[in-house]
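Worksheet: the structure to be examined is printed underneath.
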Amino acid sequence: MPKDQLKGIQDEYDVVVIGSGLAGLTCANILGRMGRRVLILEHHYQLGGMATWFKRKRGHIFDISLHGFPHGMVKSCKRYWNDDIASRIEPIRGIRFDNPQFSFETTYDRKDFTRILMERFQQPKERVEDFFDKARSFNFYDDDGTTTGQFLERCFPGRNDVHHLLMEPIAYANGSTLADPALTFGIVFSNFMSKGVYIFKGGTDLMIGLMKKELIENGVDIRIYSDVQQVQLAGGKVAGVVCNGRPIKCKSVVSNANLKVTIQHLIGEEHFAPEFVESARRVRLSSSSCQVYMGLKAGESFEYLGDLFFTSTLDHFDSVALCAKDVTSRTFSCYYPDTRPGSGRYSIVSSTNANWEDWATLSEDAYEAEKAKLIEETILALERYLPDIRGKLDWIEAATPGTFSRYTKTMQGATFGTKFEGLGVSKGIPEQVPGMWHAGSVGIIMSGWLGTINYGVIVSNEVDSYLSRNKAV
Ligand SMILES: Cc1cc2nc3c(=O)[nH]c(=O)nc-3n(C[C@H](O)[C@H](O)[C@H](O)COP(=O)(O)OP(=O)(O)OC[C@H]3O[C@@H](n4cnc5c(N)ncnc54)[C@H](O)[C@@H]3O)c2cc1C
């Protein structure tokens, strides 16, 4: 690490963005385009936050969160990034399910799901259409207390197999459960159903590289290895940040760090009204994740298994079991050579939802033993579908909630930020501390690649009007 990461920065910025997750990068890019003086400070050596990748010897490269997102990414990337990035977003070929209740492949869109619900699950057309229409009609202001579980039960009474089908991909897509508000399910599910699931061709490294290029073209200053310890206030308003122990003056701050970390540590609860502090303390974090990364030797391959393969050994859908350390449910993301055209390489990433406390409390030895067990059980599960896979692998390693927390400084390795109540708290920050915003995974609907990019856009516009209103600040 070079000594002075902050060498050459300006004396003052219009905006400092703390963190380079997709929300932070997008917010910074738009403000840079608007001519604002922007500085991104990222504690890690790589940009992207959870949208990241890592390389290993013998030519392996693994993506952490490049599994799938809705078609809306094309529009968002076109508008708020550029055509080059948007043009590399392509639909995946197929999603497979295998569990004791059902087994098939789908394109995961409304047309195919209507067919599947009618033919395989014997649901009448009107009921299926009614379900899709209701799911699509939900919006942010609709929270009447109905949970996703209640909504699914109303639409398909007594049909746990149907609930399983509808819920499992969404639980993987944003960590939500049957107890979360129905509107969060309706919005995210309908986003996917409009046109299916998409992926960025070329890998996360290419996408983040293209984003960095545009940020630099738009005049945004970027510093890595730059850990922000504090947001500084003067007269109750944002006046700067302290980064790597050094004060930096700015008129506004956008924190892409975890919501609770932003309020409790970066700003400090003493700067908020007591009732706001209480509501922030009550915000629940989303669950975390474990992953097993498996790289095939150069020249080895495996037969098509779907791009995303949802497997479970349970004969019913169960939100609690989905996160348990005794894994019953795994999603295999299969990467074929066309993920990174020209690479010729195959890899598989297995993801399971996980609870922070199941891993955080383990001793060092127990942690290593649990990690080894996770890897071995994952290979055994995969051998059911690819019996000769073990001999083809030459790189295997695992990440746990602690890994995600270490690299992105997120509280408790929360993969998708906070539960629904986090959105109101995040949006309320500028009313409490003028000049201060939060942009990043919150409220279930503002998480995932698309959700966070869109939240970054919303916040950039608010920051811009604040700066215009406070020209003399
Ligand atoms: C295993 C896994 C699989 C996923 N799969 C998918 C998927 O298939 N599709 C999808 O759409 N989404 C997926 N996601 C979720 C998605 O990646 C995230 O929701 C999204 O990338 C989060 O973006 P963000 O802007 O909220 O911030 P983050 O990615 O959390 O980034 C925050 C950044 O802030 C930095 N930071 C924090 N504190 C400080 C500080 N004090 N100083 C400086 N820098 C700081 C961090 O280092 C980090 O870079 C997945 C996530 C995980 C972990």
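The values are calculated or read from the model by the stated rules, or taken from the named source; none is laboratory data. Source: prediction; values computed, not measured. As a convention, Cβ positions derive from the backbone with ideal geometry for all residues, glycine included, and neighbour counts pool all protein chains shown.
General remarks:
- Among the residues making up region 222-238, those that are away from the ligand (no atom under 14 Å from the Cβ) and surrounded by 14 or more Cβ atoms within 10 Å (Cβ to Cβ) are L233, K237, V238.
- The set of residues in region 118-137 being touching a residue at least 24 places away in the same chain (Cβ under 8 Å) and either outside the structural domain of V162 (by TED's automatic domain parsing) or of a type in the set (D, E, K, R) (or both) consists of R127, D130, K134, R136.
- In region 269-291, the residues that are of a type outside the set (S, T, Y) and in a strand (DSSP E or B): L285, C290, Q291
- Condition check for I85: closer than 26 Å to L305 by Cα and of a type in the set (V, I, T): no
- When the criteria are applied in full, Y407 meets the requirement of being within 26 Å of A173 (Cβ to Cβ), aromatic (F, W, Y) and not assigned by TED's automatic domain parsing to the domain that holds E278.
- Among residues that are within 26 Å of S350 (Cβ to Cβ), in contact with an Asp or Glu (Cβ under 7 Å, 6 or more places away or on another chain) and either within 16 Å of the ligand (Cβ to nearest atom) or β-branched (V, I, T) (or both), I375 is not included.
- Checked against (1) touching a residue at least 12 places away in the same chain (Cβ under 8 Å); (2) surrounded by fewer than 24 Cβ atoms within 10 Å (Cβ to Cβ); (3) of a type in the set (A, V, I, L, M, F, W, C); (4) touching an Asp or Glu at 6+ places or on another chain (Cβ under 7 Å), W437 meets all criteria but (2).
- Any pair with Cβ under 6 angstrom, 6 or more apart, that starts in region 38-53 at a residue that is outside the structural domain of T403 (by TED's automatic domain parsing) and near the ligand (Cβ under 8 Å from one of its atoms) and ends at one that is in a strand (DSSP E or B) and not small (G, A, S): L41/I18; L41/R223; L41/V228; L41/C243
- Per this entry, A179 is counted among residues that are more than 16 Å from the ligand (Cβ to nearest atom) and in contact with a Gly (Cβ under 8 Å, 6 or more places away or on another chain).
- Candidates E368, E300, filtered to the one that is of a type in the set (D, E, K, R), in a loop (DSSP other than H, G, I, E, B) and farther than 23 Å from Y172 by Cα: E300
- Every test in (1) at pLDDT 95 or above; (2) exposed (fewer than 15 other Cβ atoms within 10 Å of the Cβ); (3) more than 23 Å from Y198 (Cβ to Cβ) is passed by D142 save one, and that test is (1).
- Residue, modelled with the lowest pLDDT, within region 394-451, restricted to residues that are closer than 30 Å to A234 by Cβ, in a helix (DSSP H, G or I) and among the β-branched types (V, I, T): T408
- Residue within region 49-58 that is charged (D, E, K, R), surrounded by 19 or more Cβ atoms within 10 Å (Cβ to Cβ), at pLDDT 95 or above and within 23 Å of the chain's Cα centre (by Cα) present: no
- Only one of the listed residues (A360, A366, A414) is within 25 Å of Y335 (Cα to Cα) and of a type in the set (G, A, S). That residue is A414.
- Residues in region 242-268 that are part of a strand (DSSP E or B) and touching a helix residue (DSSP H, G or I) at 6+ places or on another chain (Cβ under 8 Å): K251, S252, V254, S255.
- Taken as a whole, the condition of being in a helix (DSSP H, G or I) and more than 30 Å from D221 (Cα to Cα) applies to E129.
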